[in-house]
1. Pick from the range 223-253 the residues that are away from the ligand (no atom under 14 Å from the Cβ) and small (Gly, Ala, Ser): which of them is surrounded by the most Cβ atoms within 10 Å (Cβ to Cβ)?
2. Looking only at the range 145-167, filter to residues that are under 18 Å from residue 55 (Cβ atoms), of a type outside the set (Gly, Ala, Ser) and out of contact with any Gly (no Cβ under 9 Å at 6 or more places or on another chain); which one of those is nearest to the ligand (Cβ to nearest atom)?
3. What number of residues within the range 456-481 satisfy the criterion of being more than 30 Å from residue 292 (Cα to Cα) and among the aliphatic types (A, V, I, L, M)?
4. Report every pair of residues separated by at least 6 positions or lying on different chains whose Cβ atoms are under 8 Å apart, first residue within the range 93-112 and in the same structural domain as residue 70 (by TED's automatic domain parsing), second among the basic types (Lys, Arg) and part of a helix (DSSP H, G or I).
5. Output the residues belonging to the range 411-460 that are in contact with a Ser or Thr (Cβ under 8 Å, 6 or more places away or on another chain), within 21 Å of residue 104 (Cβ to Cβ) and among the hydroxyl-bearing types (Ser, Thr, Tyr).
6. Are there any pairs with C-beta distances below 8 angstrom linking a residue in the range 215-241 that is in contact (Cβ under 8 Å) with a residue 60 or more places away in the chain to a residue that is among the polar types (S, T, N, Q) and near the ligand (Cβ under 9 Å from one of its atoms), with the two at least 6 apart or on different chains, and if so which?
7. So which of 311, 348, 319 is open to solvent by less than 10 Å² (accessible area, probe 1.4 Å) and touching a strand residue (DSSP E or B) at 6+ places or on another chain (Cβ under 6 Å)?
8. Within 23 Å of residue 367 (Cβ to Cβ), open to solvent by 40 Å² or more (accessible area, probe 1.4 Å) and in the same structural domain as residue 395 (by TED's automatic domain parsing): is that true of residue 267 in this structure?
Amino acid sequence: MTHAPAFRTTHFINGQWSPESDNTFDDCNPLTGEVIASIAAGGRAEGDAAVAAAHAAFPAWAAMTPGERQSLFLKAADITERRHDDAVHLMAVEAGTARAFASFQVRLSANLMRQAASWGYLPYGDLLKSDTPGRMAMVARKPLGVVAGFTPWNGAFYLGWRTFVLPMAFGNTVVIKPSEEAPLSAGLLHAEILEEAGFPAGSFNVVTHAPRQAEPIADAFFESRAVRSINFTGSDKTARILGARAGQTLKRMVLELGGFNPMIILADADLDEAAKAVNFGAFFHQGQICMNTRKVYVAREIHDAFLDRLAARTNSLKAGDPLEAGVVIGPLINDRAVAQTKERLAEALSKGARLVTGGSCDGRVFQPTILANVPQDVLATQGCDETFGPLLVVEAFDDPEQALADAQDTPYGLSAAIMTGNAARGLDMAQRFDTGIVHVNGATMAGEASLPNGGVKDSGWGRSGHYAVEDFTEIRLTTVTSKPGHYPF
Ligand code: NAD
């Protein structure tokens, strides 16, 4: 690797880095193919050991005072900021992340930890009236136990933190299995930071595995009674496999999945603002974010003018090596992603779609691509399967109500957006979107640590921010009765 420092590459279990072994796999730079690290290839034994460590650490972690946990999260936030340059470099060489997005992830991560540091002080229950004379009923939230997390490679660093911090802030201990595409920036760097901050041994654990060898570790998670919830961020395809296992083993799940994320641009919208929002929303991280805009519905009378402005912006995006200054479009993560984007583009063009801009690919660097006049039988426009790359479809509409109906004709329900000069009208349409997130006059793609991210329908369930208390705690009813009891017999 071109950059000091060397990152830790072995499992982190019960406060210890496991010894180096020959059982490793190559972690490669998606742009150059260069091997950046040899990562431990774990399996069932490591998964079991990590779950056992988290289980043993749970009672003490759950019993810590809010102030004790708060000081640990605040330390971790400071260390994360101190390691900004390491993290940004790592995300570039491991996940093809351009500097602006990587730097944003570091700031967002520190912000998340500072917010989560106070969640231990949130009210954690209710007093309820009882129909039994002299009875007081208390409902109190308590942590679940061990939460097992699957982290993705795309927003690797921030989504890694989201997977650790939300359950831990509410008193759970965690075991993380990072994506094999980014094991360092989606889990192991986090372990370095939490270790330095002084989090207790076993409260967080990370186990890594070779490509397509996730199942043995997943088995360890699903088959352990200590694991009370699976916190999964990834594709709906994998979620269906894991969901079937959760059905068999009766595990709770949080699912943060993909989206199709339409944008509707009404005739009264500010065209420059709309072009800015679409250019960012569609091509941020080269279209590899769950909330990227995949399809834009634009009022016919402004369609051509909007497309001209959008294409001008998109043409100015610099693509290439994410370490190079000014580059905002890095490589796609792997050859499968390149092939999927190429196939979807080729299908659209072969059926008569018009290429507005882009379309070429150099190695894994795919130029941001805009298609217009796309026939309805083309996969890229149908919304039944997200295209995880920089491919945007723009379609003209005559009737805004029909556009709203068409935009929702998708199994996904993550994010949506409406651009309009009339905020009240935008709000009215927004209320009728069946998505977890909807923005009026903003891109579909947005991230703030305090706001609840999450989807409906095939985009999953569960929410981030402090709303995650619903996902990572359960309630217990306790009653105290101060008068003699009256029983039916
Ligand atoms: P993926 O589903 O391929 O992999 C996710 C995780 O599941 C990885 O850790 C992987 O190792 C593991 N996995 C894969 N197959 C498995 C199996 N058979 N058994 C056990 N584990 C298995 O997804 P990805 O390519 O890493 O991430 C991209 C996807 O994630 C996209 O669909 C994107 O929209 C979604 N995503 C959603 C959010 C959100 O917050 N809603 C955020 C980021 C990414």
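The values are calculated or read from the model by the stated rules, or taken from the named source; none is laboratory data. Because the structure is predicted, anything quoted here is derived from the model rather than measured. With ideal geometry, Cβ positions are generated from the backbone for all residues, glycine too; neighbour counts draw on all protein chains shown. The accessibility values were calculated without ligands, DNA or RNA, using every heavy atom of the protein model including side chains. Shrake-Rupley method; radii C 1.70, N 1.55, O 1.52, S 1.80 Å.
1. Step one: filter the range 223-253 for residues away from the ligand (no atom under 14 Å from the Cβ), giving 224-226, 228-229, 247, 250, 252.
Then keep just the ones that are small (Gly, Ala, Ser); that gives 224, 226, 229, 247.
Working: 224: 21, 226: 16, 229: 25, 247: 10.
Across the range 223-253, the extreme among qualifying residues is 229.
2. 147
3. Of the residues in the range 456-481, the ones more than 30 Å from residue 292 (Cα to Cα) are 473-481.
Within this subset, residues satisfying the condition of being among the aliphatic types (A, V, I, L, M) are 475, 477, 480.
Result for the range 456-481: 3.
4. Here the result reads 112/162, each pair linking the range 93-112 to a residue that is among the basic types (Lys, Arg) and part of a helix (DSSP H, G or I).
5. Hits for the range 411-460 are 415, 444.
6. Note: pairs meeting the criteria are 232/238; 233/151; 234/179; 236/459.
7. Working: 311 fails: open to solvent by less than 10 Å² (accessible area, probe 1.4 Å); 319 fails: open to solvent by less than 10 Å² (accessible area, probe 1.4 Å).
Unique residue meeting the criteria: 348.
8. Details: within 23 Å of residue 367 (Cβ to Cβ): no; open to solvent by 40 Å² or more (accessible area, probe 1.4 Å): yes; in the same structural domain as residue 395 (by TED's automatic domain parsing): yes.
No; evaluated as a whole, the condition is false for this residue.
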